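Structure record follows, encoded as structure tokens.
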Amino acid sequence: MIKKVAMVDKVKMYLTNVKIKSIVSDDWKYFKKTDSHWYFKRKLKNPRSILGGNYSLILIAVIDEDNSKTCCLTIRGSLRKWYFGRNCRRDLTVNELAECTKLLSAALRLAPVQILDAQINQIEFGVTLTLPAEYRKLQDCLYFYPRLSRNQYNTTLYFGDKTKSSYNLILYDKYEEIFKNRNNKDNMYKANQKIYFMRYEISVNKLSSVPFFRERAQTLRMILWGYWNEIGNHLLATFDKIKYVDFTSEPGKEIACYQDVNKLIMYNGIVKEGLSYYIEKINSSKISNKSHLFSSILSVAEYFNSENENYKHTAYSVLSKKITRLSYQSYVIENYKIKRNQNENV
């Protein structure tokens, strides 16, 4: 049986009218008070995590001083890491995502439907692709996405501002993230010579400002049983819209005339400094016709690399196959049949 892999990773969701006696614990710590509300915070590990529960979700409870029997509860963090553990590249299957909500509800002593129907205001969808090591060049070849600026933060590529944008596209080396805080650099180096785990994510920082997700991802219930396929197709279509140009490969065409010499000088200069360097310089310059300059740069890359392998085409094919495995028509989650009627017992 083919496993259906879940795209859900980080999430921020909130519940209202939660009975305080249901979530009472010695782990809650008071951390601030406003005019009429008390704020408490705790970390929640998964006691049944298959990799030891080394990752915690952050919980914040807000209590109105005029109503001390209920609270508003915010849950923030990566459901995938909470289920598997911090340093894991695995994606949740649909069954595991459903089981994760069940474990979370049990840990908080809440009904599963309360977790499923919690209101989401931030969420992250992503998948990890397994590619040959030379495809690590792909990240440097992705240069443009409509209406989102390109930003490089260390080795992570963002389309959008990671702190200000309501919507970001993110690409990074998952293997590097796993081992960044470990000492076994030799193992990482050997693995990097063979394989590239490309993590591709859509991060929605403000759900209400992004119509596609506002209409399809307000709750985990909507995602699991309403719009799973549409979200997967959106992930694929978004990747397809990212513009690609290759300035990482050796020129695939011989010099044929004097004009080719100038083009080759430009090409080698961009190869030496990196395309990201020139994108940053152009964007920060006072040049009026930046689009014309970008077009000139891209024409040089296309001229010399028309016959070279297109890394994006191959990555798109791998992503498409993974999204196909994600989709389902009338899939019933095994061992955890949550009834659609919110008033029914689970």
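Since every read-out is calculated from the coordinates, none of them should be taken as a lab result. Because the structure is predicted, anything quoted here is derived from the model rather than measured. As a convention, Cβ positions derive from the backbone with ideal geometry for all residues, glycine included, and neighbour counts pool all protein chains shown.
From the coordinates of this entry, Cα Rg over 2.2 N^0.38 Å is computed, and it appears in (i) 1.30; (ii) 1.35; (iii) 1.16 under the label (iii). With helices as the sole contributors, the chain gives -10500 deg cm²/dmol at 222 nm; each DSSP H run of n ≥ 4 counts as -39500 (n - 2.57), and the sum is divided by every residue. Here the simple spin-label model places points 7 Å from the Cα toward Cβ, and for Asn289 and Lys137 these points are separated by 3.2 nm. For the Cα atoms of the chain, what angle does the longest principal axis make with the long axis of helix 258-273, in degrees from 0 to 90, nearest 10? It works out to around 30 degrees.
Shown in residue order for the range 142-152 are the 3J(HN,Hα) couplings computed by the Karplus curve 6.51 cos²θ - 1.76 cosθ + 1.60 at θ = phi - 60°: 8, 10, 8, 9, x, 6, 10, 6, 8, 9, 10 Hz (x for Gly and Pro).
Put simply, the amide H of Ala118, placed in the peptide plane, has neighbours under 5 Å in Leu220, leaving out anything fewer than 5 places away on its chain. Non-local lysine pairs in the range 237-312, meaning eight or more places apart or on different chains, with alpha-carbon distances under 20 Å, amount to 11. Note on the range 61-218: dipole from Cβ charges, positive end direction compared against Thr93, Asn205, Ala61; the farthest Cα belongs to Thr93. About its Cα centre, the range 27-155 has a charge dipole of approximately 460 debye under the convention of +1 per Lys or Arg Cβ and -1 per Asp or Glu Cβ, with nothing else charged.
Is the C-alpha gyration tensor of the range 99-141 telling us rounded, prolate or oblate? Criteria: a/c under 1.5 is rounded; beyond that, a/b larger than b/c is prolate, otherwise oblate. Note, shape of the range 99-141 comes out prolate. Assuming charge only on the beta carbon of Lys and Arg (+1) and of Asp and Glu (-1), the dipole of the chain about its Cα centre is about 1120 debye to the nearest 20.
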